[in-house]
1. Name the shape class, rounded, prolate or oblate, that the alpha-carbon gyration tensor gives for the range 191-242, where a ≥ b ≥ c are the square roots of its eigenvalues, rounded holds for a/c under 1.5, and otherwise prolate holds if a/b is larger than b/c and oblate otherwise.
2. Only counting other Cβ atoms within 10 Å, I'd like 143, 52 sorted with the fewest neighbours first.
3. Can you tell me how much longer the chain between residue 43 and residue 128 gets when fully stretched, taken as 0.36 nm per residue apart minus their C-alpha distance, in nm with one decimal?
4. Quick one: work out the % antiparallel among DSSP beta bridges in the range 137-187, nearest 5.
5. Could you list 75, 130 in order of exposure, starting from the residue whose Cβ has the fewest other Cβ atoms within 10 Å?
6. Based on other C-beta atoms within 10 Å, arrange 147, 214, 176 from fewest to most.
7. Using alpha-carbon positions, what is the distance between the centroids of the range 153-182 and the range 112-140, in Å?
8. State, to one decimal in nm, how far the label point of residue 229 lies from the label point of residue 176, with both points 7 Å from Cα in the Cβ direction.
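Every number here is computed from the coordinates shown, using simple stated rules; none is lab data. Please read all numbers here as calculations on a predicted model, not as lab measurements. For neighbour counting, all protein chains shown are included, and Cβ atoms are generated from backbone atoms with ideal geometry for every residue, glycine included.
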């Protein structure tokens, strides 16, 4: 009797020792295995500032030679804008829409050389721009473009991950902004694709492609490089106050002295 009890105890101990393996195997067979690891994504988080390309002149803000030939519609828009952006007259320079606090649009907001902070949360990558505190949301939860968005200053952005690269797809623009300070135009048909990746801890690259058949004869691409600024923070910038200050100075310089 005693030997039978000892044998039963050994058998029970062996069964208990093997039970985790048996449970895991059974769970796997029944589709009860633990959750799959999340898809690989890159951490784009941080505060970034765009680096100028030293091979370009100050007015040529990275696009210039990259831009394809324009359509007649695009040429007309460019000539009209050039008279503003290349003028030395303060009155015409201040007619740039951004000096009236209208949104600069994308990709021009990158060209203003204000920092941008990137924040990632589930389903969204958020860009917080210091310039007038504009916020841009790139939805990564699988939703399609909003068909009812209308014509927007910053466009409607959705995105997906391809490995460590965020592919941002933006549409539904209005045609009231320019692509840079030189006045290169875009239409409401512009489709912007950005491939955003962190090439190393301190460097971020945005490869962008502009497809706008109304303004350009073919799609064209450019690259923007950003550097991490871990010790910086987004400062206060209120465009309404800045605009009032500029207009006040403009009126003051035009007023005759008593």
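1. oblate
2. Ranking 143, 52 by Cβ neighbours within 10 Å, fewest first, gives 143, 52.
3. Result: 29.0 nm gained on full extension.
4. That works out to approximately 75 percent antiparallel.
5. With the fewest neighbours first, 75, 130 line up as 75, 130.
6. Going from least to most buried by this count: 147, 176, 214.
7. The distance from the Cα centre of the range 153-182 to that of the range 112-140 comes to 12 Å.
8. Taking the simple label geometry, residue 229 and residue 176 are separated by 2.8 nm.
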